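Here's the structure we're looking at; comments come further down.
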Amino acid sequence: MKNMLKDPKIIVKPGKKVKVADFDPSYKGVLNGKDEGVKLLEENVSAMIELQDKLYADNRNAVLIIFQAMDAAGKDGTIKHVMSGLNPQGCQVYSFKTPSHIELDHDYIWRTYSCLPERGRFGIFNRSYYEEVLVVKVHPEYLLAQNLPSVRSVEKVNNEFWENRYNQINNLEMHLVENGTMVLKFFLNVSKDEQKKRFLDRIEDPARNWKFSSADVKERQHWDEYMEAYSDMLSATSTEYAPWYVIPADRKWFMRYAVSNIIINRLKELNIDYPELAENEKARLEEAKRMLEGE
Ligand code: ATP
Ligand code: MG
């Protein structure tokens, strides 16, 4: 299995200024086609099950997996396929929506904290605090509802404001990593044409109608602004300790395989194995064995 962690077509090199347009949404690496992708994903899912079991038994590291994307890029499907078969006890998914009134009464990270994964577990964020420098950057008027002392009007929202938010996010992630949470960040990069195709599929296929939202088509009108916000965000928040991976999303089979490849290779870096018992604990096992056998 080719390790994709260093693939320059996928990773955002920390400190480098990038644009979304630098990344090809239909890139497929060295894979030949769907059959190969599906087979490799299956192998990776089995490998992940074992790695998760060790992570859980070891109970020291947590893994936070963040998905950001434009609508219809395939966040839900990727979560479903890549995480299939994992032990549900060791894995939780959170979807972040427009903040509630209660959430707006706190700083924008507040709602994240209670959703962070416990040691030994995976936490999956379907959208995240990154919305605060994406949708909110495209619609700065949303900031007014946050009642920030520094933002009494939209005119107050300048570059420095966004730079500060990127720094706040980098600091948060540094804090998490230093305290035992691995932070994996995936931007599922779908092209504008492919998004249109998927919206039309949702309209035409009755089984998919429920997935369609006319608000998504309205948001699509802001495509270029989103791409700019994503480009700035990727450039500012891809760090050595929590880099961004831009996953080509026009081919679903490749997207799912690439995400699983990166998760596995990052987990392997942790070098986790089942915990070994101390000598006195081993002696206790022997004693328990004797007791059971003597019944
Ligand atoms: P799906 O449509 O596949 O069910 P989704 O993630 O698009 O999944 P929706 O309920 O359609 O879910 O959308 C959630 C909306 O909440 C998105 O438009 C997103 O931009 C918005 N959102 C999430 N976090 C924030 C935030 N902090 N501030 C403002 N809007 C946010
Ligand atoms: Mg949606």
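When you filter the trypsin sites (Lys or Arg not before Pro) in segment 61-154 for DSSP loop state and at most 15 other Cβ atoms inside 10 Å of their Cβ, you are left with Lys97, Arg119, Arg152. Derived value for segment 162-295: Kirkwood hydrodynamic radius 19.4 Å. Basis is the mean of 1/r over every pair of different alpha-carbon atoms.
Over all directions, what mean area does the Cα convex hull of segment 20-293 project, stated in square nanometres? List each step's numbers first, then the result.
On the way: hull surface 76.4 nm².
Computing the convex hull of the Cα atoms and averaging its projections yields 19.1 nm².
Taking each residue as 0.36 nm, the span from His106 to Glu163 lengthens on full extension beyond its C-alpha to C-alpha distance by 18.5 nm.
Sparse packing (at most 10 other Cβ atoms within 10 Å of the Cβ) combined with a DSSP loop state is found for none of the GluC sites (Glu not before Pro) in segment 1-91. Enumerate the calculated ³J(HN,Hα) couplings along segment 84-96 in order (Karplus 6.51 cos²θ - 1.76 cosθ + 1.60, θ = phi - 60°), each rounded to whole Hz, writing x wherever the residue is Gly or Pro. After applying 6.51 cos²θ - 1.76 cosθ + 1.60, I find 5, x, 5, 5, x, 5, x, 8, 9, 10, 10, 9, 9 Hz. Return the loop-located GluC sites (Glu not before Pro) in segment 252-284 (DSSP other than H, G, I, E, B) with at most 11 other Cβ atoms within 10 Å of their own Cβ; answer none if there are none. Sparse-neighbourhood loop GluC sites (Glu not before Pro): Glu276.
Taking a probe of 1.4 Å, how large is the accessible area per residue of the chain, in Å²?
Numbers: 16060 Å² over 295 residues.
Ligands and nucleic acids excluded, the figure is 54 Å² per residue.
Note on segment 101-157: with charges restricted to the Cβ of Lys and Arg (+1) and Asp and Glu (-1), its dipole about the Cα centre is near 180 debye. Given +1 at the Cβ of Lys and Arg, -1 at the Cβ of Asp and Glu and no other charges, the dipole of the chain around its Cα centre is 700 debye to the nearest 20. With 0.36 nm allotted per residue and the present C-alpha distance subtracted, the Met1-Lys97 stretch has 31.0 nm of extension available.
When you have a sec, figure out the Kirkwood radius of segment 1-103 from all distinct Cα pair distances and drop it here in Å to one decimal? Every distinct Cα pair counted, the radius reaches 16.8 Å.
Tell me, what % of the accessible area of the chain is carbon and sulfur with a 1.4 angstrom probe?
That share works out to 50 percent.
The values are calculated or read from the model by the stated rules, or taken from the named source; none is laboratory data. This structure is a prediction, so every number in the text was calculated from the model and none was measured. Cβ: placed from backbone, ideal geometry, glycine included. Neighbour counts: every protein chain shown. The accessibility values were calculated without ligands, DNA or RNA, using every heavy atom of the protein model including side chains. Shrake-Rupley method; radii C 1.70, N 1.55, O 1.52, S 1.80 Å.
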